[in-house]
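Structure, as structure tokens:
The values are calculated or read from the model by the stated rules, or taken from the named source; none is laboratory data. Since this is a predicted model, take the numbers as computed values, not measurements. Methodologically, a virtual Cβ is constructed for each residue, glycine included, from the backbone with ideal geometry; neighbour enumeration extends over all protein chains shown. Only protein heavy atoms, including side chains, enter the accessible area calculation; ligands, DNA and RNA are left aside. Shrake-Rupley method; radii C 1.70, N 1.55, O 1.52, S 1.80 Å.
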Amino acid sequence: MKRALVLALAVLIPLQPVLADGLTDKQKRALAAQQGGLVETDYDPATAARMFEVASAPSNLPPGQIAARIKDVAQLQSARDNQLVGYGLVIGLAGSGDSLRNSPFTEQSIRAMLENLGIATEGGSARARNVAAVIVTANMPPFVQSGARIDVTVSSMGDATSLAGGTLIMTPLKAADGEIYAVGQGPVIVSGFSAQGQAEQVTQGVPTAGRVPNGAIIERSVAAEFGDQAELTLQLRNPDFSTAVRIADAINAYTRQRFGARVAAERDARTISIRKPKNISAARFYAEIENLIIQSDTPAKVVIDERTGTIVIGNQVRISRVAISHGTLTVRITEAPRVVQPEPFSRGVTAVEPDTAIDVQQPDARVAVLDGPDLQTLVSGLNRLGVKPDGIIAILQGIKSAGALQADLVVQ
């Protein structure tokens, strides 16, 4: 009997790490403390499966606000742009370039460019006013290959007054890793203009910034493994739990009919995970699901820009029944000094006598009852008050403070 017990212990001791996998994390830590070592916590197959849990049936959410395609409200996580930036020169300006005294980096760039072209510039001084130093920026789209063309934006960094009529010369564009991915060159298109005379100057738009359509050639492509992905990740442009659930339900309803399986699962308010079915490429599969119609939803929000007086009210904004009185107090002060002349032969002096007129106006403020069960009623009620945008901003802030505005108020 003892011999059989010793043999059983000899077999079980090597299997102790395997048996420990069925223990809880707390039991594993206690076992590790006894043994003087560390026991790592791993996910069992059931836990790993729960991390990608697909709902067995669609949700019972109410209908959303508007119907939209999946491609309009979400984008693939792997399909992202890459920002490029570079420093270059714009030449051919009609005397509107950088003044080399105030922009010494422009003169250094001109010398370096000429030396690269084999022209010696030692001992000379440049007086050109037809060159401007610029920063060139571009967005490199996903899945772009070598030889493709993209648009670039050109912005002056010196004291140039206009880039109209200029040409961007060869400018390398680098990414965040310091590698060159594109080269930009071409004529600059400027929408703004500036005209100046001796006594007046007129400026429209921004003449110191422009674009070069198709002005950059891709020299190096970004490695992408989209075709080999077994799991796709969708990211919502506007995070919302209801929209994420509706997207997952729409995809599951389509794939259940098309492939006989539900493949989409919502992770959070922004992310939806999708398992690619077998015997179909990732590009073809996403092309089929990106045109599915879903009911998108957004939270109620009011955006106010006090600098420009812009007010944007969302469709779901509601206001409880409140009474509002809005009036303005206008105080006008007018100075009209008078010149007083002395009487003849009175030995007086001419003096200026101040004359101030103060006028106070306070129009009668009407008390209006505002009840906004929908957007149209809310806008009609605000217009009925007859106030300007700054007054509407003050009213909305007061309603929010009173707790009657059922929306998020964003002041920019």
> Which one of these does I189 not meet: (1) open to solvent by 30 Å² or more (accessible area, probe 1.4 Å); (2) of a type outside the set (F, W, Y); (3) farther than 16 Å from A138 by Cα; (4) out of contact with any Asp or Glu (no Cβ under 7 Å at 6 or more places or on another chain)?
Replying inline: (3)
> Residues in region 84-99: is at least one touching a residue at least 24 places away in the same chain (Cβ under 8 Å), in contact with a strand residue (DSSP E or B) (Cβ under 7 Å, 6 or more places away or on another chain) and of a type in the set (S, T, N, Q)?
Replying inline: no
> What pairs can you find where one residue is in region 376-392 and over 14 Å from A323 (Cα atoms), the other is of a type in the set (S, T, Y), and their Cβ atoms are less than 9 Å apart, with a gap of 6+ or different chains?
Replying inline: V387/T328; P389/T308; P389/T310; G391/T328
>> Given the criterion surrounded by 10 or more Cβ atoms within 10 Å (Cβ to Cβ) and at pLDDT 75 or above, identify the matching residue among V352, V339, V369, V379.
In response: V379
>> Quick check on my filter: what residues within region 257-286 are over 17 Å from D240 (Cβ atoms) and in contact with a helix residue (DSSP H, G or I) (Cβ under 8 Å, 6 or more places away or on another chain)?
In response: R258, A261, R262, V263, I274, K276, P277, S281, A282, A283
> Does N102 meet the test of being in contact with a Ser or Thr (Cβ under 9 Å, 6 or more places away or on another chain), over 19 Å from A182 (Cβ atoms) and either open to solvent by 20 Å² or more (accessible area, probe 1.4 Å) or among the small types (G, A, S) (or both)?
Replying inline: no
> Going by the conditions given, is S78 more than 32 Å from the chain's Cα centre (by Cα) and in a loop (DSSP other than H, G, I, E, B)?
Replying inline: no
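Answer with yes or no whether T310 is exposed (fewer than 13 other Cβ atoms within 10 Å of the Cβ), within 30 Å of K400 (Cα to Cα) and β-branched (V, I, T).
Working: exposed (fewer than 13 other Cβ atoms within 10 Å of the Cβ): yes; within 30 Å of K400 (Cα to Cα): yes; β-branched (V, I, T): yes.
Here the answer is yes, as T310 does meet what is asked.
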> Of L89, L84, which residue is open to solvent by less than 70 Å² (accessible area, probe 1.4 Å), more than 30 Å from A283 (Cα to Cα) and not basic (K, R)?
Replying inline: L89
>> Quick check on my filter: what residues within region 120-160 are open to solvent by 70 Å² or more (accessible area, probe 1.4 Å), over 17 Å from L89 (Cα atoms) and hydrophobic (A, V, I, L, M, F, W, C)?
In response: A120, F143
